[in-house]
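What follows is a short report on a single structure.
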Amino acid sequence: MSMKKVTFLLFFLMSGLSMTSHAADKWLIATQSEAFNTGQKISVEVIRPDNFTTWPDSINLDLSGSGASEVVELKRIGNSAVNGAINTYAGIPKVKFIGVVRAELVGYKSNRMLMLAESDDDIGRLEIAATTDVKDEVKPAETSAATVVLAQPGDEPPLSANEPLYFLVGSSSERNFDARFQLSFKYRPFDPDARVAQYLPPLSNLYFAYTQTSLWDLGGNSSPFEDTSYRPSVYYKWSGAGRGMIPDGWSAGLEHESNGRDGADSRSINTVL
């Protein structure tokens, strides 16, 4: 089973648990597919609260992510007489999204679900099995050129892993218990939700990183560290709608590497990332 299917299955099971405890006062939404693309139909399963007895002809779905947002009108395509409290709504987004997108109803108290916006041009139309089409369907939007997209709130926490983290221990006939380990993390000081980034959104793509790689002689007297490399760095990264030879993601920065020693034992290098 693919990671996408596992993610969606977990989300659907969690939504099912939420349905039993909050159905009395909250609209619940879920999709049969966790991925969508611009200009292609989104179908949403909706469960209404007990205090609503009729279905609206349309509802609005707020999509936000990849530095963009859109309110999409979803029209009812299900039969309100079927299953009573469950119905299906569908609509077509026109704004270009990339990556994780958050969705929730507008004007109704509802749960929030996460969807994955694909950038592939040949992704198929994502529809649930239905015998009727969306009324007044919007024509698919034309494919836009590559655009710079700012960091999205919720994509990753301010502090996260940068390069691989590991701890390895080995031995040989000459030496016992040598270890090699690496610590690496990056920090985004201006979270997209922070006040500073609200005034200057490009700051949300600025990162500081630190990586340390050490060789540790565990079997030697006093277990000395034989060598350690310290690599602080600063870089800027952004994502765009890749087309052809243009990549989906970009990054540029500067890294300084040193062993923390001076004199003849000093070793250092500056690298453009």
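Which of ARG76, ARG102, ARG267 comes first, and how do the rest follow, when ranked by fewest Cβ neighbours within 10 Å?
Working: ARG76 19, ARG102 16, ARG267 11.
Taking fewest neighbouring Cβ atoms as first place, the list is ARG267, ARG102, ARG76.
Using per-residue counts of other Cβ atoms within 10 Å, averaged over each peptide, order 191-203, 157-169 from highest down.
Working: 191-203: 13.6, 157-169: 11.6.
The packing order, highest mean first, is 191-203, 157-169.
Based on alpha carbons, the Rg and Dmax found for segment 159-272 are 19.0, 61 Å.
With a Förster radius of 45 Å applied to the C-beta separation of GLU255 and VAL71, the computed FRET efficiency comes to 0.60. Computed from phi, the 3J(HN,Hα) profile of segment 191-206 under the Karplus parametrisation 6.51, -1.76, 1.60 (θ = phi - 60°) reads 4, x, 7, 6, 5, 4, 5, 5, 7, 10, x, x, 5, 5, 9, 8 Hz, with x in place of Gly and Pro.
For each pair in LYS109/LYS186; LYS75/LYS96; LYS41/LYS109; LYS75/LYS237, compute the distance between the two Cα atoms and list the pairs where it is over 29 Å.
On the way: LYS109/LYS186 36 Å; LYS75/LYS96 21 Å; LYS41/LYS109 23 Å; LYS75/LYS237 38 Å.
In this structure, LYS109/LYS186; LYS75/LYS237 lie more than 29 Å apart at Cα.
Label positions at SER268 and ILE86, each projected 7 Å from the Cα along the C-beta direction, are separated by 6.5 nm.
The numbers here are math on the coordinates, done by the rules we state, and not lab data. Keep in mind the model is a prediction, meaning the values are calculated, not measured. In this analysis, Cβ positions are derived from the backbone assuming ideal geometry, glycine residues included, and neighbour counts consider all displayed protein chains.
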